[in-house]
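These notes concern the structure reproduced below.
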Amino acid sequence: MRSIDYAMEKASGPHFSGLRIDGPTSSISPDSSSPKQPFVIGVSGGTASGKTTVCDMIIQQLHDHRVVLVNQDSFYRGLTPQESERVHEYNFDHPDAFDTEQLLDCIQKLKSGQPYQVPIYDFKIHRRRSDSFRQVNASDVIIVEGILVFHDHHVRNLMNMKIFVDTDADVRLARRIRRDTVERGRDINSVLEQYAKFVKPAFEDFVLPSKKYADVIIPRGGDNHVAIDLIVQHIHTKLGQHDLCKVYPNVYVIQSTFQQIRGMHTLIRDREISKHDFVFYSDRLIRLVVEHGLGHLPFTEKQVITPTGSIYTGVDFCKKLCGVSIVRSGESMENALRACCKGIKIGKILIHRDGDNGKQLIYEKLPKDISERRVLLLDPVLATGNSANQAIELLIQKGVPESYIIFLNLISAPEGIHCVCKRFPSLKIVTSEIDVALNEEFRVIPGMGEFGDRYFGTDD
């Protein structure tokens, strides 16, 4: 078995910078004028070897990247009526059972930045559903999982890293029996008959020989945490945190659990969500951003006496602090800040375009001693960065040191981050997600629309 270190050296290749631009705009990567491609990982192995578990563990640890999973099982060819009548004689583990051309088309489309409608295969009727599909969007990382994803060289050549999950045959058989009887409604005798007649021979003829193409071989599947940690570390190295976080060390993307952050973003970005739910989940997400931003404030050591009479050595929060919201969307973040910081002073800045001549009218109401305070600047969306720059410039004119400003938002466009960070390299930006780009109308894509209107109920 080849070593993981050697295999990871082999697995290098083109990778996604996190700045690929879909649509009419061009790439804005600081060191490249062409869009970067996503990092494609193939995960193969015998039936019930733990491929899905390995994929899930990789996805959970790559929580600061957009990751999609494409299952080869989704691309099973639907059985004809004649084949359905003799389903027990059909070999589902043979390469001909899959529509490899469609799988190839799916990966190629995703690599080029296009979404894809992945079919949904019903294992109980052995056909694809005609009334539904799974929409998969372009992402930083694409994981392609299946027993034969290394068999076709066209599919194999699209992968930047190939992982083979190697699990004992008896363990795999026990897992397959449990899966097929519980999840797919089959009886144990048919499962054993199918395994002996088709699954085991197909593994020896097609799956096992493809092991030689793997860059990384994981013994024991999902139980091998060391190997998975090394793989994730390698992927992080290839992708970087997010290229903008590497370019600008003052940009921070909050790292809570993958499901929590992405789940709430899924809800608030859905145009069909009710106003009540939009506000509820926006507030939850804002609270996380605010608490993360507070973690960047200076603190002093402090000792207290506990109810048991013991001494506890902790920290004391920064006392000279205030919030400043950019009216009006920024006002949606004030309640979360008040909930975290009792009695905090909050100022306002209004920036309004005056006609079409590009001039800005600015209104401000700020604490008189703001020059002595650390400032949390609040605005849910960082788009072009023009309004943010105006607000930051005003704070600096009021005597606030640039390094005392922490800009909090829910989503940031790469263009906005470039605009703000190049002009003010000493402030910090804390966001919950960096989106793909701005479109020709300077709207964040995929974005979440006009946040203020949606939050305060003034949208159509």
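We did not get these values from a lab; they are worked out from the coordinates using the rules stated. Keep in mind it's a predicted model, so treat the numbers as computed, not measured. In this analysis, Cβ positions are derived from the backbone assuming ideal geometry, glycine residues included, and neighbour counts consider all displayed protein chains.
Summary table
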{"quantity": "Order of Cys340, Cys322 under a 10 Å beta carbon neighbour criterion, fewest first", "calculated": "Cys340, Cys322"}
{"quantity": "Relative contact order of the chain, pairs being alpha-carbon contacts under 8 Å that are 6 or more residues apart, as %", "calculated": "16 percent"}
{"quantity": "Kyte-Doolittle mean at least -0.5 and Cα axial length at least 24 Å: DSSP H helices in the chain", "calculated": "275-294"}
{"quantity": "19 Å Cα-Cα threshold exceeded, pairs from Lys51/Lys200; Lys319/Lys345; Lys51/Lys211; Lys124/Lys162; Lys345/Lys368; Lys246/Lys428", "calculated": "Lys124/Lys162"}
{"quantity": "Extension gain, Asp270 back to His154 (0.36 nm per residue minus Cα-Cα distance, nm)", "calculated": "38.2 nm"}
{"quantity": "Förster-model FRET efficiency, 56 Å R0, Asp223 and Lys319, C-beta, rounded to 0.05", "calculated": "0.70"}
{"quantity": "Estimated D of the range 87-141 in µm² per second, where Rh is the Kirkwood radius over Cα pairs and Stokes-Einstein applies at 4 °C, 1.567 mPa s", "calculated": "101 µm²/s"}
{"quantity": "Loop-resident sites, the range 83-152, for trypsin sites (Lys or Arg not before Pro), counting at most 13 other Cβ within 10 Å (DSSP)", "calculated": "Arg86, Lys124"}
{"quantity": "Candidate aspartates and glutamates for bridging to Lys398, where Cα separation is under 14 Å - those fewer than 8 sequence places away on the same chain excluded", "calculated": "Glu364, Asp369, Glu372"}
{"quantity": "Residues with amide H under 5 Å from that of Val436, placed H, sequence gap 5 or more", "calculated": "Ile445, Gly447"}
{"quantity": "The range 96-194: GluC sites (Glu not before Pro) in DSSP loop, at most 12 other beta carbons within 10 Å", "calculated": "Glu183"}
{"quantity": "Computed [θ] at 222 nm, helices only, for the chain once each DSSP H run of length n ≥ 4 contributes -39500 (n - 2.57)", "calculated": "-9500 deg cm²/dmol"}
{"quantity": "10 Å binning of all Cα-Cα separations within the range 245-456, expressed as whole percents from 0 upward", "calculated": "8, 33, 36, 17, 5, 1, 0"}
{"quantity": "Under the Debye formula (equal points on every Cα, no solvent term), log10 I(q)/I(0) of the range 111-181 at q = 0.14, 0.16, 0.18, 0.25 Å⁻¹", "calculated": "-0.70, -0.89, -1.06, -1.17"}
{"quantity": "Principal axis dimensions, largest first and in whole angstrom, of the range 300-402 by Cα", "calculated": "67, 26, 22"}
{"quantity": "Student exercise, the range 245-456 dipole from Lys, Arg, Asp, Glu Cβ charges, in Debye to nearest 20", "calculated": "620 debye"}
{"quantity": "Residue exposure sequence - Thr181, Thr100 - by fewest surrounding Cβ within 10 Å", "calculated": "Thr181, Thr100"}
{"quantity": "Relative compactness, the chain, computed as alpha-carbon Rg over 2.2 N^0.38 Å", "calculated": "1.16"}
{"quantity": "Within the range 262-370, GluC sites (Glu not before Pro) in DSSP loop having at most 11 other beta-carbon neighbours inside 10 Å", "calculated": "Glu272"}
{"quantity": "Segments 310-319, 88-97, 448-457 sorted - mean Cβ within 10 Å per residue, highest first", "calculated": "448-457, 88-97, 310-319"}
{"quantity": "Net lengthening on full extension, Phe456/Ile177 (0.36 nm per residue, minus Cα-Cα)", "calculated": "95.1 nm"}
{"quantity": "Residue exposure sequence - Ile125, Ile349 - by fewest surrounding Cβ within 10 Å", "calculated": "Ile125, Ile349"}
